[in-house]
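Enquirer: Dropping the structure in here first, questions after.
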Amino acid sequence: FSLIQRVTGFVSGLVCVLHDITEQQKNEREQQQFVSNVSHELRTPLTSLRAYVEALNDGAWKDENIAPQFLNVIQDETERMIRMINDLLSLSRMDRGVAKMDLEWVNFNDFVNHILNRFDMIVKTDAEKADSKTKKYTIKREFTNQALWVEIDTDKMMQVIDNIMNNAIKYSPDGGVITVRLLQSNNHIILSISDQGLGIPRKDLNKIFDRFYRVDKARSRKQGGTGLGLAISKEIVEAHKGKIWADSAEGKGSTFYISLPYEPMSEEGDNWDEV
Ligand code: ADP
């Protein structure tokens, strides 16, 4: 600070240089923090795997009641680690800018409907099973009648909607209603997904899009979460020049919003005349 004061008046460029250095230091610090987070996130499941394998090795394998339980935990945690590594690899591809965008024009109403039908099917077929332990939920749709055509990477956008829907289900009470709204506003389309779950504290609303940030770490882990889903969703939405954000009333539920740029097309096909 004093350095800037002494030179004020004749070197304004220096302020800029100092700014660059702090920016670089910030990036380095973030990088170090990220490596430390990844190591910690992987060490936790590996330590628990080691404990279960040790117990099995010490004789628990002979116990017909305990062994299958331990093996289940080992399988779940291994699968979660694989999910985490895959998530990290897709983030890394996006960071390096090598994740190719496969854009195509789609009717967004049909696209979202198709995804929601899949979630309806899951809960329906599951309820028919006698030993169903999966959570029940109902999906309510409030869509504009207007067909909204947008250019998106369907695989990637499906990953985003899947992610938010899975979270809505995961953090909802049994039998909760999930309301999905689709509307147009000026030059944007807005998709919102609201649940009746436990909500998100105000101070965490922005942070949940950061890598590995969870409001309740233990709970997320127990439900097989990696803490990377929303970070990936954010990268994907931003690659579409869109925005993603959340709003919540604690104890009542959360709403996740995605907005994407949209150009209304005139019916007479004026767009072609302009070319
Ligand atoms: P996770 O694998 O932990 O679900 P995400 O990146 O998908 O990771 O979400 C980050 C955190 O945001 C979650 O751990 C949870 O604390 C919070 N969160 C996300 N969606 C919801 C929701 N619908 N209701 C309440 N909390 C949520």
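Enquirer: Of the numbered conditions (1) of a type outside the set (S, T, Y); (2) without any contact (Cβ under 8 Å) to a residue 24 or more places away in the chain; (3) surrounded by 12 or more Cβ atoms within 10 Å (Cβ to Cβ), M121 fails exactly one; give the number of that condition.
Expert: (3)
Enquirer: Can you tell me which residue within the range 207-221, out of those that are of a type in the set (D, E, K, R) and within 6 Å of the ligand (Cβ to nearest atom), is farthest from S233 (Cα to Cα)? Before you say what the answer is, go through the steps one by one.
Expert: Applying the first criterion (of a type in the set (D, E, K, R)) to the range 207-221 yields 207, 210-211, 214, 216-217, 219, 221.
Then keep just the ones that are within 6 Å of the ligand (Cβ to nearest atom); that gives 214, 216.
Values: R214: 15, D216: 19 Å.
Going through the qualifying residues, I end up with D216.
Enquirer: Additional query: Within the range 166-175, is even one residue over 23 Å from F34 (Cβ atoms) and polar (S, T, N, Q)?
Expert: Narrowing the range 166-175 to residues over 23 Å from F34 (Cβ atoms): 166, 168-175.
Those still in the list that are polar (S, T, N, Q) too: 166, 172.
Yes: the range 166-175 contains one or more residues that are over 23 Å from F34 (Cβ atoms) and polar (S, T, N, Q).
Enquirer: Within the range 208-224, does at least one residue satisfy the condition of being aliphatic (A, V, I, L, M), in contact with a strand residue (DSSP E or B) (Cβ under 8 Å, 6 or more places away or on another chain), at pLDDT 95 or above and more than 25 Å from N109 (Cβ to Cβ)?
Expert: So in the range 208-224, the residues aliphatic (A, V, I, L, M) come out as 208, 215, 218.
Filter once more, so that each one left must be in contact with a strand residue (DSSP E or B) (Cβ under 8 Å, 6 or more places away or on another chain): 208.
If we keep only those that are at pLDDT 95 or above too, we end up with 208.
Those still in the list that are more than 25 Å from N109 (Cβ to Cβ) too: 208.
Yes: the range 208-224 contains one or more residues that are aliphatic (A, V, I, L, M), in contact with a strand residue (DSSP E or B) (Cβ under 8 Å, 6 or more places away or on another chain), at pLDDT 95 or above and more than 25 Å from N109 (Cβ to Cβ).
Enquirer: Out of the range 77-117, which residues are open to solvent by less than 70 Å² (accessible area, probe 1.4 Å) and in a loop (DSSP other than H, G, I, E, B)?
Expert: G97, A99, M101
Enquirer: Considering only the range 229-244, state which residues are touching a residue at least 40 places away in the same chain (Cβ under 8 Å) and within 12 Å of the ligand (Cβ to nearest atom).
Expert: Of everything in the range 229-244, those that are touching a residue at least 40 places away in the same chain (Cβ under 8 Å) and within 12 Å of the ligand (Cβ to nearest atom) turn out to be G229, L230, A231, I232, S233, E235, I244.
Enquirer: Determine which member of the set E250, E268 is loosely packed, with under 14 Cβ neighbours inside 10 Å, at pLDDT below 95 and more than 16 Å from the ligand (Cβ to nearest atom).
Expert: E268
The values are calculated or read from the model by the stated rules, or taken from the named source; none is laboratory data. Quick caveat: nothing in here was measured; it's all calculated off a predicted structure. Every residue, glycine among them, receives a Cβ derived from its backbone with ideal geometry; neighbour counts consider all protein chains shown. To get the accessible areas, we keep the full protein, side chains included, count just its heavy atoms, and leave off ligands, DNA and RNA. Shrake-Rupley method; radii C 1.70, N 1.55, O 1.52, S 1.80 Å.
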